Amino acid sequence: MLPNNDNSCGWINELPKRTGIKELLGRANCDWLIIGAGYTGLSAARQLGNVYPNKKIIIVDAQVAGEGASSRNSGYLVDSTMNDGFISSKSTKDYKAKSDLYSLGIEKVKKFIAQYQVDCDWNECGKYYASSKIEDEKKLIKFNAMLNSLKIENKILQKDEMLNKLGTEFYKIGIYTNGGILLNPGKLARAMVDSLPENVILYENSPLLNWEEANKRIKCTFNKGVLEASSIIFCANGFLSSLGIEKQYSFPLALTASMTRSLTETEFETIGSPREWGVLSTRPMGATVRMTKDRRILIRNTVSLCNKRVNIDINKCIHLKGILKRFPSLPKDIIDSTWSGIVCRSGNAAPIFKKISDNIYATGCFNGSGIGLGTLFGEEIANKASNNITNEVELIQKAKKPNWLPPQPFLNLGIKARFLIDKNYAKSEL
Ligand SMILES: Cc1cc2nc3c(=O)[nH]c(=O)nc-3n(C[C@H](O)[C@H](O)[C@H](O)COP(=O)(O)OP(=O)(O)OC[C@H]3O[C@@H](n4cnc5c(N)ncnc54)[C@H](O)[C@@H]3O)c2cc1C
């Protein structure tokens, strides 16, 4: 499976078009090779470039760098999550381990934007977990107790407070946590591409087709060239399994999102002129909805298997329905862009961080939390591969590992069954 992205992502289309894109042509050698130029691969390349100014470091992407999931997400840099399996495991210890990693991820992104003076519409406005069903109060009270026990500041909000903050009567109950950040994911990914160290060579539109290890070197065949590397780091996220990496431990899923044009002054006033906000659903597969700094509404409430091309038109209709349910005063032609992106999942929501052999490493599989975790794990896999075992590497290595997944066709059958259950449960929250 290779990336095959639509050209309709609202975050990407508002950026200046990249120029000077180099494809990999012919044969070359390098000391370090990184496959995949999203947050993870770019962070690994940045770290290696800084640690080894005299080594030849190459990073290659199948498409335009940074324009995979890293530019196509909803832009929540999270301090906590509710529906990635941790709440269902009911283990405070697991949740704390995960939330410690989230905090480190936030610190890494913060450090990056401070060091390179990045403007990515950073807003430390926190986020809401919300539901249109009052019966979800029980679930939120439990979550509130978990967050309190971990000293993560949060507050339960009732219908009127939600209306006041978000400008919609849709939500009946919610929790606000103030530790999360909203940002423009496209601007962040582009800044990571633009700030690669000078000794890092970037090749784009150059998919890796296959690779083999021979005589302690790794030979990689791309569509128009061949690279031989002393060491390699795989950061291809949803495409890891198709490259034969940790095949039985992760799988890709396609998510689709839409963004409206900016609301007019009147439209914005009608909904009470709320400040920028982000909502995550209390139910798995419920909608992620966000009001951006420039008054656009982003919605993501669809997910599918990657075994066929995503139907953007059908997804756009589902997104529009979700927007109008929350903001009935808005017109039906308000959606400006709809796009899909590939995320990587494991059965127990644990990420991959792995030394595969002496000179082969891989990391990825961050589900919906890759802004912070990708930046953190990318930098730290570069440290691990350089034998620099930092405190962060130790913490990551203590975290849960992905569990084994059944082979196809059983895996897809299992995922479809889970979709049916979760989609039915989340019906009211789409
Ligand atoms: C709609 C949507 C909403 C999301 N919302 C959020 C959110 O709000 N917050 C959050 O933290 N995360 C969110 N995510 C997830 C987040 O985008 C990912 O976790 C993150 O981008 C992972 O970064 P990465 O660098 O590991 O992977 P990617 O960004 O997927 O980068 C991997 C790169 O590998 C390249 N590649 C793949 N195969 C090959 C090959 N054969 N040869 C060469 N290169 C290859 C791809 O082209 C791609 O550029 C969302 C994702 C989507 C799609």
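Every number in this text was worked out from the coordinates using simple rules, so none of it is lab data. Since this is a predicted model, take the numbers as computed values, not measurements. Cβ sites come from the backbone with ideal geometry, for glycine too, and all protein chains shown count toward neighbours.
Table for the structure above
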| quantity | calculated |
| --- | --- |
| Phi to ³J(HN,Hα) by Karplus 6.51 cos²θ - 1.76 cosθ + 1.60 over segment 316-322, Hz, x for Gly, Pro | 4, 4, 5, 5, 4, 4, x |
| Above-threshold pairs, the threshold being 24 Å between Cα atoms, out of Lys93/Lys427; Lys293/Lys332; Lys247/Lys401; Lys187/Lys398; Lys55/Lys98 | Lys93/Lys427; Lys187/Lys398; Lys55/Lys98 |
| J(HN,Hα) series, segment 395-410, from Karplus relation 6.51 cos²θ - 1.76 cosθ + 1.60, nearest Hz, glycine and proline x | 5, 4, 5, 7, 6, 4, 9, x, 8, 5, 10, x, x, 6, x, 5 |
| Directionally averaged projected area (convex hull, Cα atoms, segment 1-111), nm² | 10.1 nm² |
| Per-residue [θ]222 nm for the chain (sum of -39500 (n - 2.57) over DSSP H runs n ≥ 4, rounded to 500) | -10000 deg cm²/dmol |
| Two-decimal log10 I(q)/I(0) for the chain, as the Debye equation yields it once each C-alpha is a single scatterer, q = 0.08, 0.10, 0.11 Å⁻¹ | -0.42, -0.67, -0.81 |
| Rg in Å to one decimal, and Dmax rounded to a whole Å, for segment 92-133 via C-alpha atoms | 14.2, 43 |
| For the chain: relative contact order, % (alpha-carbon pairs under 8 angstrom, 6 or more apart) | 24 percent |
| Binned Cα-Cα distance frequencies in segment 131-200 - 10 Å width, integer % | 18, 31, 23, 16, 10, 2 |
| q = 0.11, 0.15, 0.16 Å⁻¹: log10 I(q)/I(0) that the Debye formula gives for segment 304-414, counting C-alpha atoms only | -0.57, -0.83, -0.88 |
| Rg(Cα)/(2.2 N^0.38 Å) for segment 274-363, N = residue count | 1.43 |
| Gap separating the Cα centres of segment 289-303 and segment 1-52, nearest whole Å | 26 Å |
| Relative contact order %, segment 260-355, counting alpha carbon pairs below 8 Å whose residues are six or more apart | 24 percent |
| Relative pair counts by distance (%), Cα atoms of segment 41-194, 10 Å bins | 10, 31, 30, 20, 7, 2, 0 |
| Relative contact order, percent, segment 172-307 [alpha-carbon distance under 8 Å, six or more residues apart] | 16 percent |
| Distant-in-sequence amide H partners of Ser206 (H built 1.01 Å from N, under 5 Å) | Asp61, Ala62, Gln63 |
| Dipole axis of the chain (+1 Lys, Arg; -1 Asp, Glu on Cβ), positive-most option in Phe327, Trp32, Ile106 | Phe327 |
| Fraction of beta bridges assigned by DSSP in the chain that are antiparallel (%, nearest 5) | 70 percent |
| Global geometry of segment 169-316, whether rounded, prolate or oblate, following the gyration tensor of its Cα atoms and the 1.5 cut on a/c | prolate |
| In order through segment 227-242: 3J(HN,Hα) via Karplus (6.51 cos²θ - 1.76 cosθ + 1.60), integer Hz, x for Gly, Pro | 10, 10, 10, 6, 9, 9, 10, 8, 10, 8, 6, x, 9, 4, 5, 6 |
| Rounded D (µm²/s) - segment 296-349, Kirkwood Rh over Cα pairs, Stokes-Einstein at 20 °C, 1.002 mPa s | 168 µm²/s |
